[in-house]
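For reference, the structure discussed in these notes is given below.
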Amino acid sequence: MSDAIEGKPFPAITDQTRPFWSGAAAGRLMMQKCSACGTVNFYPKPWCIECGSRSLAWVEVRPSGTVYSHTVAYSVAMNYPAWQAELPLVMCLIDLDDGARMYAQLTDCSPDDVRIGMRVDAYFASIGEGAGIPKFRPAKASEASGT
């Protein structure tokens, strides 16, 4: 694979992280789950972040959660001009409904409208052959209110 997608840096895909990236390419949010304590891990690691067990299984998690924190970039990151079209870029820490906290881009939302606790849903963008990336957008009103 190339080292840049559409003028942006390409993630380092290793045997350890491949299920995450290939799952996203297939429209599935895949995370490691500890067989010993049940903790869901993000970012992929060789051991559980809670108990240290190496007994991890890849599982599909619900692609929804809430905004824990966020920041907004108003300038191009890392001298990659391809980011210009996405400015301002909203990056969030998302508390997934299945327990993990992950960082991801929030789209389809003005930076002024982002709120801590806001309900969000994942969607998946292709970044290359066999690789995708989860991004988030605000949940539909009926989903956000739980009705």
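The values are calculated or read from the model by the stated rules, or taken from the named source; none is laboratory data. What you are looking at is a predicted structure, and each value in this text was computed from that prediction instead of being measured. Glycine also receives a Cβ, built like all others from the backbone with ideal geometry; neighbour counts cover every protein chain displayed. In case anyone asks, the SASA skips ligands and DNA or RNA and just uses the protein heavy atoms, side chains included. Shrake-Rupley method; radii C 1.70, N 1.55, O 1.52, S 1.80 Å.
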Checklist entry - If you take the residues of the stretch 31-48 that are within 22 Å of Val120 (Cβ to Cβ) and touching a Ser or Thr at 6+ places or on another chain (Cβ under 8 Å), which of them is modelled with the highest pLDDT? => result Lys33
Item to check | Selection within the stretch 1-32 - among the aliphatic types (A, V, I, L, M) and exposed (fewer than 15 other Cβ atoms within 10 Å of the Cβ) | outcome: Met1, Ala4, Ala12, Ala26
Checklist entry - Just one of the numbered conditions (1) closer than 28 Å to Gly7 by Cβ; (2) among the small types (Gly, Ala, Ser); (3) open to solvent by 70 Å² or more (accessible area, probe 1.4 Å) is not true of Ser35; which one? => result (1)
Checklist entry - Looking at Leu56, is it more than 14 Å from the chain's Cα centre (by Cα), in contact (Cβ under 8 Å) with a residue 24 or more places away in the chain and surrounded by 17 or more Cβ atoms within 10 Å (Cβ to Cβ)? => result yes
Checklist entry - Of the residues that sit in the stretch 64-115 and are assigned to a loop (DSSP other than H, G, I, E, B) and polar (S, T, N, Q), which one is least open to solvent (accessible area, probe 1.4 Å)? => result Thr107
Item to check | Test set (1) within 21 Å of Leu93 (Cα to Cα); (2) exposed (fewer than 13 other Cβ atoms within 10 Å of the Cβ) - Ile49 fails condition number | outcome: (2)
